[in-house]
Every structure is written in structure tokens, then in C-alpha cells.
Amino acid sequence: MLKARSGNYLVVRFQDGEALPQGLLELGIRAGAILGGVGMLRDLVLAYWNGEEYVRAPVEEPVELISFQGNFGEREGEIVAHVHAAVAKEGGAALGGHLVEATVHNTAEVIILELPGISMERRPEPSGLAGLYPKETG
């Protein structure tokens, strides 16, 4: 992983073979926004919330990462990265959903904004999802 910081902005280049979203968690960001990302992924698992549970959808071939966004928060003291991705298969067919797991294929370039002075807590809700409870911390 290569990274550079300017103020609250962080630019990260994940390299071939690195795992996502685990690599995001290793950054140690407790409150932040994933502004975007491009690159390629393999061993991808996306998921769709059907109202009761996440339905996993493995993607077998390498794909282009065409949109990547989300946020960092905390649940019970642990860092959580809530990330959605859109990808393109060979030929241009697009898929998207909640990023469950992926391996970087060649490269993935991600831009992040840390949010000092804000707490981003995730709490269980009746829907089964972990809702975001942002608040100012000073």
C-alpha cells in the first residue's frame, strides 16, 4: 500500500494482491468518507440487502472498478468500513452493491477524507442493518 496525506485528505494506492475492505480498515480511520476509487478487482463478492439479509453475489472474473464510495465508522469500538462499489465486466456489463470482499487486481486508487471532530457510530436497528449515528465531538 502506498499513501500520501494532505490535511484531512488521504490518497491510497492498493497494490496487486492486497485485500479489500481489510486494507481500508488497516488505515485506522474512525470517521471518514471514501470519496472515490478506480482500478481493478478480482475474487470479488458484492452483496445486496433484500430487507432481511445480505445476499452475496460472487464475481468470478477480474473487473474494472468504476465507482467506489462509502464511509468509516465504529461499531462497539471496532472500525467499520461501509463500502459500495460498481464494477464493469469485460464487454461493459456493470454490476454493483455492498463490497463484502475483494482482492486488488493490478491496482486500486482510493481518495479518502478524514472527518476530525465527528464521531460516526454504527448501531443495530430493527431492520437488521447497522444505522449510522453521526455526532460532533468538539
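Quick note: the coordinates plus some simple rules give every number you see, no bench work behind them. Bear in mind the structure is a predicted one, so any value in this text is a computation, not a measurement. As a convention, Cβ positions derive from the backbone with ideal geometry for all residues, glycine included, and neighbour counts pool all protein chains shown.
Summary of values
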read-out: Dipole of the stretch 8-117, positive direction: furthest Cα of Gly77, Val110, Ala47, with charges on the beta-carbon; value: Val110
read-out: Estimated inter-spin distance, Arg123 and Leu35, nm [label 7 Å along Cα→Cβ]; value: 3.1
read-out: Table column - 3J(HN,Hα) (Hz), the stretch 10-27, Karplus curve with 6.51, -1.76, 1.60, x for Gly and Pro; value: 10, 10, 10, 10, 8, 9, 3, x, 6, 8, 10, x, 3, x, 5, 4, 5, 6
read-out: Additional length obtainable on full extension of the chain from Glu109 to Asp43, 0.36 nm per residue less Cα span; value: 22.0 nm
read-out: Choice from Pro116, Pro124, Pro62 showing the highest fluctuation, given a GNM over the chain with Cα pairs closer than 10 Å; value: Pro124
read-out: The chain - mean residue ellipticity at 222 nm from DSSP helices (-39,500 (n - 2.57) per run, n ≥ 4, rounded to 500); value: -500 deg cm²/dmol
read-out: Lys89-Glu26 FRET efficiency (beta carbon distance; Förster radius 30 Å; 0.05 resolution); value: 0.60
read-out: Those residues of the stretch 1-44 whose amide nitrogen sits under 17 Å from the label point placed on Glu101, 7 Å along Cα→Cβ; value: 17-26, 41-44
